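Remarks on the structure that follows.
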Amino acid sequence: MSYTTPRLTALLLAATTLAACSGDGAGPTTRSQVTFNLAVGASGAPLRAFLGDTLTDPSNTLVLDTVQLVLRDIRFKRTDDDACDGDDDHDDDSLVAHVRHDDDSDDGDGDDGHADGCEYFNAGPYLLDLPLDTSIVRAFSLAVDTGTYDEVRFKIHKPRSDSGDGKDAQFLANHPEFDKVSIRVVGSYNGAPFTFTTDLNAEQRMDFFPPLVVADSVTNVDVTIKVDLDGWFRDDAGSLVDPATANKGGPNDSLVQDNIRDSFHAFRDDDCDGEDEAGDD
């Protein structure tokens with residue numbers, strides 16, 4: 001099964017000509033390119049440990065057909081610079097009030113070329129399909145200033161038609177099912193079909209160990225975002241929960257939202273094998 005869906009393909013074409021995992025460079029640019037890739041699996045575990053789209057416990061079977069999420073507003077924090085530290089995680093409808101490098105072009109470059117302590121890209125929204133096997137999916141890329149970065153941040157984002165900059169409205173014209181929805185999962189639980197949605201609107205902060213070094217203006221760096229999808233619909237004992245009970249207002253709403261928050265890990269991945277270059281993500 002291919003997970004390069006028409007939605008993802010359109011995003012790839014609109015964002016930029018991506019640096020390929022095979023080592024092919026991005027198109028001509030005077031600035032470094034950081035390419036974000038998606039993978040599914042537990043932190044520190046090899047991709048082969050992920051068993052695919054069917055999850056089980058002794059009593060239940062959860063089959064995942066599609067897992068889609070919306071990301072927006074990417075930031076890189078420079079080492080030993082606290083310029084990004086004024087914003088706490090938040091679930092309200094406001095956007096982060098930081099220096100923005102807005103991008104209305106087609107090359108995915110949202111930076112203004114200045115070496116800000118917090119390199120902030122008002123990029124997206126991006127609709128991304130998580131791979132439900134051991135593949136690595138290229139998601140989007142950004143041009144980033146040279147420097148050393150110890151943290152990346154992005155927002156799990158619920159689009160709203162009344163957002164101030166109009167980007168959400170444009171996104172929703174193509175994806176109306178994501179109105180005030182940041183994540184959408186379709187599948188079956190013990191044979192019964194379900195659709196799970198959440199309006200989780202939260203900033204994710206992930207440290208780089210060691211720091212991510214963008215050495216010069218021709219560097220192409222791959223960063224993999226690895227999502228522990230197996231843990232989304234499990235309780236503290238490891239038993240599966242029915243995703244339908246995790247929809248807004250359901251008994252497992254908060255449980256699954258917390259699981260999702262804790263499931264993201266990011267690391268440099270130059271060979272695009274889904275493993276941390278430092279050996280521990």
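For the reader, a short list of remarks on this structure follows.
- Filtering segment 123-153 to residues that are in contact with a helix residue (DSSP H, G or I) (Cβ under 6 Å, 6 or more places away or on another chain) and outside any strand (DSSP E or B) leaves Pro125, Thr134.
- Selection within segment 118-136 - modelled with pLDDT under 90 and among the aliphatic types (A, V, I, L, M): Ala123, Ile136
- Qualifying residues in segment 212-248 (those that are polar (S, T, N, Q) and over 23 Å from the mean Cα position of the chain (by Cα)) - the one modelled with the lowest pLDDT: Ser217
- Candidates Phe267, Phe209, filtered to the one that is over 16 Å from Leu130 (Cβ atoms) and either within 15 Å of the chain's Cα centre (by Cα) or among the small types (Gly, Ala, Ser) (or both): Phe267
- Unique match (being at pLDDT below 60 and crowded, with 19+ Cβ neighbours inside 10 Å) among Asp111, Asp93: Asp111
- Considering Val181, Val152, the condition of being farther than 30 Å from Thr54 by Cβ and modelled with pLDDT of 85 or more is satisfied by Val152 alone.
- Set side by side, the residues Pro211, Pro243, Pro159, Pro176 differ, and just one is of a type outside the set (Asp, Glu) and surrounded by fewer than 13 Cβ atoms within 10 Å (Cβ to Cβ), which is Pro176.
- Some residue of segment 206-219 being acidic (Asp, Glu) and free of Cβ contacts under 8 Å to residues at least 12 places away in the same chain: no
The values are calculated or read from the model by the stated rules, or taken from the named source; none is laboratory data. All figures in this text were calculated on a predicted structure; none of them were measured in a lab. Ideal geometry is used to build each Cβ from the backbone, glycine not excepted, and the neighbour counts take in all protein chains shown.
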